[in-house]
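See below for the structure under consideration.
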Amino acid sequence: MAEAETTPDILIDILDNLFKHELKRLKRKLEVIESNYQCKNIPRGKLEDADVEDTVALMMGYYGEDAIHIVIEAMDSIGKKDLSDKLRKKAEKELEKLRVSSNKTLGYKEMYKEDVRKKYKKIRDYNSLPGEWVDFDDRYTRLLILKKHCLLEDKEHELISRGKKLVELMKKHRSDVATCIDVKDLFVANEKEPEPTTLVLQGPAGIGKTFTVQKIMTDWASNKLFQDRFDYVFHLNCRELNTMTDYFSLVDLILDSAEYLQPAIEEILSCPERLLFIIDGFDELKLSVDQADIGSARDVHARQPVETTLSRLLKRKILSKSTLLITTRPIALGKLGTTVTVERYAEILGFLEEEMKEYISRFYQNEQQALCVFNTIKEDEAVFSMCFVPVVCWIVCSLMKGHVSEGEKLAKSLKTTTQIFVHFVNKLLEHHCLDSQQEGVLQKLGSLALHGIKEQQILFEEEDLAKFSLDPVQSASAFFNKIIFKQDLSCKSMFHFLHLSIQELFAAMFCAADTSNAAAESLLNTSLTPEGSNLILVIQFLFGLTNKKTQALIQGYAGEPSSALKAQLERWIPKAMVFYKNKPCFVLAVLHCLFEIQDQEFVKKAMKYINVIDVTGFLLSKSDCLKMKYCIEQHDEGLKELAVTRCNMGEEEVKILLDILNKSQSIGLEATNLNTATVERLCTHISTHHSLERIELDIRKEEDGLYLYCATNWICQVSKLKITGCIPEDFVLSICSLLLPKYKLEFLSLEKDGLSPETKKQLCDVLNTSQCRLTSLWLSENNFTDDCIPDICKFIKTQTSLEMLSVENNTLGDDDAKQFLDALNGLNLYFLSMADDNLTDECVEHLSSILSANPSLVSLHLNKNYFTDKSVNSFIRIIQTCTSLKSINLEANQFSPEGELKLLCLEKDLHKTGHKIIVLL
């Protein structure tokens with residue numbers, strides 16, 4: 001069937017009658033006239049040098065349906081009335097045709113849209129039972145799409161990044177407004193390029209290409225997308241086309257899924273510029289599109305082999321004015337480039353962190369459960385990094401679904417990292433590979449992967465793949481991605497695994513299946529050299545592949561791990577602990593390896609070689625703590641030392657580790673954002689620990705909860721307890737009651753406690769019955785009352801080893817101060833602070849008599865009180881008689897300039913005699 005004359009054809013026919021200078025005048029008029037219409041303005045630079053066909057293309061792209069009206073008005077304005085009349089008649093003729101057929105065509109279109117809505121509104125998960133469906137709109141989540149080719153360096157950086165680093169890279173892509181694109185803008189023109197009529201949407205297996213196609217189909221059919229651009233959108237699924245062995249015309253392919261369009265098909269195809277064909281999964285075509293034509297070149301009814309019909313559509317030999325959207329894996333871009341002239345490329349990168357979170361929320365339909373699952377996934381860096389791929393996110397959500405309300409068990413439901421990745425490989429083999437017999441291909445992939453890991457190579461040339469007998473376009477396409485980049489004056493292609501983690505998995509699978517055990521032995525030995533630090537994650541997968549459940553998952557397509565592998569791994573553990581002794585991240589990695597194997601007997605044997613776990617300064621996740629706990633639980637003899645300080649731990653992490661604290665002879669632990677119940681539980685564990693002799697505990701109130709530092713035995717030098725801030729008084733009393741009777745504290749600090757008088761008295765009772773042998777006591781900002789001061793003073797009198805005391809900022813007043821001073825009689829303090837305690841001249845004589853008898857006092861703080869010149873002589877006496885005194889702070893009192901001068905002169909005179917003292921005023 002000959003194609004009907006279209007709007008662009010009509011405009012070209014009219015504009016061809018203009019001389020060059022007339023066309024130039026018309027272009028200038030367009031700039032004025034277009035402002036009268038609700039359409040986009042054509043940039044002057046684009047229009048200036050455009051020929052007739054390019055001018056019409058620009059007008060169609062920017063003016064749309066208003067193009068004819070704008071040209072008619074422009075023709076009139078340059079005096080070409082004959083051409084404007086001719087154009088007007090042609091337009092009216094076409095409009096009349098449209099009126100005659102509009103009712104019929106509109107009815108068919110609505111019928112087709114309704115059919116599309118029904119067909120695409122539901123989806124089936126990979127594990128759906130018969131009759132089990134999910135609403136597409138309830139599951140669809142926006143994907144990150146870029147309309148550019150990635151730079152080689154950017155892609156390399158992306159492949160090796162995990163966790164937070166990968167999140168930052170993805171966010172960087174999203175912030176680039178020039179290249180980030182939404183589905184609704186796929187066919188929108190911009191200043192650099194007109195509306196594309198051939199667009200390729202690329203991305204690796206499982207990234208969401210078909211999901212995006214389904215989004216386009218449902219939104220178009222629901223009048224939400226492309227309504228002013230396409231009257232019909234047809235979806236041609238390449239996987240289904242592979243099954244068609246008979247001859248088919250393009251009309252047959254359209255009617256195959258919408259037979260009721262038969263009466264209107266001629267009318268539908270008469271406006272090809274209003275048609276969008278989606279060729280979904282070009283890379284999956286078994287058929288060759290390089291076929292010779294049979295019959296008329298432009299005949300949409302010509303029945304030919306499916307590959308020939310598809311080839312003619314792609315090569316623009318039929319419906320040349322239609323628009324094509326082709327989805328493919330990057331692997332097939334070379335093949336596609338020989339068939340199609342592509343005007344715009346776009347690449348799907350997957351979810352950003354927020355979209356991953358949204359997808360999980362949509363999956364569970366329960367915000368609290370979804371947040372719990374998201375946080376659990378985020379704890380496992382390797383799994384979190386792969387969850388940017390939608391199919392991996394679905395796998396993880398499905399595995400965790402039955403455990404979503406079970407707290408710690410939820411994290412355990414993630415299985416092992418190896419199992420998550422093996423599930424992903426299974427799904428690629430099951431749904432994205434043409435050949436089900438994959439063992440040979442997987443072995444070759446593993447050999448290449450291991451070679452790349454050893455050489456620290458993640459990008460491969462086609463020659464590299466050929467050395468391992470791999471065809472990236474056919475058998476291995478599900479596991480490879482392709483990047484095209486400019487090099488000098490030409491373009492070059494390179495291949496890579498979907499992520500470095502996938503490459504590491506295949507390398508481990510190759511080593512595990514090697515019956516000679518040579519590959520695994522070489523890998524393990526190399527890991528214990530300075531050059532082998534990048535192998536630890538491959539070894540982690542190697543441990544995971546020896547797990548029986550994991551072996552069941554790979555049975556049938558990958559070689560079974562050799563029987564000697566476990567023995568090799570067992571021999572590696574003691575060597576690794578010696579080699580990694582002072583490297584916290586590697587010690588933790590070894591524990592991850594032991595968790596992956598999930599064999600308690602194996603872990604018990606291995607833990608005999610691990611007596612110290614010191615990961616100080618290494619940021620720990622909840623997943624890290626779970627794996628650490630699992631391994632320590634299997635330790636028969638217990639650890640000598642567990643140090644987890646400066647590890648950025650919070651409430652969840654501490655809760656996990658609480659139950660294994662009694663498995664270590666010495667503990668160092670630091671955390672923030674804790675609640676009182678968790679800290680109290682920790683203190684209970686410590687108070688009942690049979691082998692702890694010394695303890696250092698620092699608890700303070702912060703904005704988001706409690707800060708905690710805890711150290712025991714040889715990790716701390718002296719026993720200390722420090723509680724700071726307005727913490728619930730029953731909690732403070734409970735902590736002191738638990739710890740003071742057990743440990744002979746040498747340092748006690750209770751500051752800003754906000755305790756009631758009654759609780760203070762109870763606390764004093766605990767102190768007076770404790771085993772404290774304090775050298776330092778800090779009781780600042782506690783608002784002591786008259787009721788409790790006698791009890792506190794009674795406790796102080798018993799601390800004969802006390803060297804440092806601070807009761808500053810307590811608004812004591814003179815009478816209470818005298819009680820404290822009496823309690824100091826006979827003690828050899830070298831530091832005393834009674835600053836900001838509302839002291840006046842009334843207590844100075846008492847102060848002088850007590851302190852003058854102290855032969856050890858080095859530093860005295862009495863600043864921010866109310867002393868006047870009346871006290872100057874008393875202070876002079878204290879300074880002269882306390883020969884050990886090196887510093888006295890009297891700042892912010894009420895001395896006159898004369899009084900201050902008198903004290904400063906004394907300081908100067910004493911310096912002359914060799915008694916060096918600092919008087920601060």
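If I take R0 = 41 Å and measure r between the Cβ atoms of T913 and K797 in this structure, what FRET efficiency does the formula 1/(1 + (r/R0)^6) give, to the nearest 0.05? Efficiency for this residue pair is about 0.70. Of Y630, Y866, the residue with the largest accessible area leads and the full order is Y866, Y630 (1.4 Å probe).
Assuming R0 = 30 Å, can you tell me the calculated FRET efficiency for the pair V342 and M244, based on Cβ-Cβ distance, to the nearest 0.05?
Details: r = 25 Å, r/R0 = 0.84.
Here the calculated transfer efficiency is 0.75.
A simple spin-label model places pseudo-atoms 7 Å from Cα toward Cβ; at Q551 and K608 they are separated by 2.2 nm. Note on the chain: dipole from Cβ charges, positive end direction compared against F784, L591, Q503; the farthest Cα belongs to Q503.
Would you kindly find the accessible area of T218, with a 1.4 Å probe and non-protein molecules such as ligands, DNA and RNA excluded, rounding to the nearest 10 Å²? Accessible surface of T218 is approximately 10 Å². With contributions of -39500 (n - 2.57) from each DSSP H run of at least four residues, the per-residue ellipticity at 222 nm computed over the chain stands at -14000 deg cm²/dmol. Measuring nothing but how far apart in sequence close Cα pairs (under 8 Å, 6+ apart) lie, relative to its length, the stretch 606-717 scores a relative contact order of 24 percent. If you line up the long axis of helix 676-688 against the longest principal axis of the chain, both from Cα atoms, how many degrees apart are they, to the nearest 10? With rounding to tens, the tilt is 60 degrees. Remark: the S896-Y260 segment gains 218.4 nm on full extension, using 0.36 nm per residue and subtracting the alpha carbon distance. With Cα atoms as the point set, the chain shows a radius of gyration and Dmax of 39.7, 122 Å.
With a sphere of radius 13 Å drawn around the Cβ of E531, what net charge do the other residues whose Cβ falls strictly inside it have (Lys, Arg +1; Asp, Glu -1)? Walk me through the numbers on the way to the answer.
Values: positive: K454; negative: E455.
Once positives and negatives cancel, what remains is 0.
If you find the alpha carbon centre of the stretch 581-595 and of the stretch 862-921, how far apart are they in angstrom? Cα centres, the stretch 581-595 to the stretch 862-921: 59 Å. Between V32 and H69, the modelled labels are 2.0 nm apart [label points 7 Å from Cα along Cα→Cβ]. For the stretch 523-596, GluC sites (Glu not before Pro) meeting the loop criterion (DSSP other than H, G, I, E, B) and having at most 15 other Cβ atoms within 10 Å: none.
Given contacts defined as C-alpha pairs under 8 Å and at least six residues apart, what's the relative contact order of the chain, whole-number percent? Don't skip to the end; give the middle numbers.
Values: 1547 pairs, mean separation 55.6, N = 921.
The normalised contact order for the chain reaches 6 percent.
Would you mind classifying the stretch 684-773 by shape? Square roots of the alpha carbon gyration tensor eigenvalues, ordered a ≥ b ≥ c; an a/c under 1.5 is rounded, otherwise it is prolate if a/b is larger than b/c and oblate if not.
Verdict is oblate for the stretch 684-773.
Distance between the 7 Å Cα→Cβ label points at F19 and R117: 5.7 nm.
With an 8 Å Cα cut-off and a minimum separation of 6 or more residues, compute the relative contact order for the stretch 11-88 in percent. Display every interim value, and only then the final one.
Working: 62 pairs, mean separation 29.3, N = 78.
Relative contact order comes out at 38 percent.
Fully extending the segment from H451 to E191, taken as 0.36 nm per residue of separation minus the present Cα-Cα distance, adds 89.0 nm. By its C-alpha gyration tensor, with a ≥ b ≥ c as the square roots of the eigenvalues, how is the stretch 215-339 shaped: rounded for a/c under 1.5, else prolate for a/b larger than b/c, else oblate? It comes out oblate by the Cα gyration axes.
How many Å² of accessible area per residue for the stretch 739-868, probe 1.4 Å? Could the numbers behind the result be given before it?
Details: 5110 Å² over 130 residues.
Value returned for the stretch 739-868: 39 Å² of accessible area per residue.
When the residues L310, L619 are ordered by accessible surface, computed with a 1.4 Å probe over the protein chains alone, the sequence from largest down reads L619, L310.
How much net charge surrounds L261 when only the other residues with a Cβ under 11 Å from the Cβ of L261 are counted, with Lys and Arg +1 and Asp and Glu -1? Surrounding charge for L261 is -4. Scaling the Cα radius of gyration of the stretch 527-657 by the globular reference 2.2 N^0.38 Å produces a ratio of 1.07. The figure for R142 is an accessible area of roughly 90 square angstrom, using a 1.4 Å probe on the protein chains alone. Measuring between alpha carbons in the structure, the pairs from K184/K215; K118/K215; K46/K317 lying more than 18 angstrom apart are K46/K317. When nucleic acids and ligands are ignored and a 1.4 Å probe is applied, R316 ends up with an accessible area of around 60 Å².
Here the stretch 562-681 is assigned +1 on the Cβ of each Lys and Arg and -1 on the Cβ of each Asp and Glu. Its dipole about the Cα centre then comes out at about 440 debye. Multiplying the residue separation of D787 and D815 by 0.36 nm and subtracting their alpha-carbon distance yields 8.8 nm.
If R0 equals 60 Å, the separation of the Cβ atoms of T515 and K224 corresponds to a calculated FRET efficiency of about 0.55.
Can you tell me how the stretch 798-911 classifies by the Cα gyration tensor, rounded, prolate or oblate, using a/c under 1.5 as the rounded cut?
On the way: a/c = 1.87, a/b = 1.24, b/c = 1.51.
It is oblate, given that a/c is not under 1.5 and a/b is not larger than b/c.
The values are calculated or read from the model by the stated rules, or taken from the named source; none is laboratory data. Since this is a predicted model, take the numbers as computed values, not measurements. No Cβ is skipped: glycine too gets one built from the backbone with ideal geometry, and neighbour counts run over all protein chains shown. The accessibility values were calculated without ligands, DNA or RNA, using every heavy atom of the protein model including side chains. Shrake-Rupley method; radii C 1.70, N 1.55, O 1.52, S 1.80 Å.
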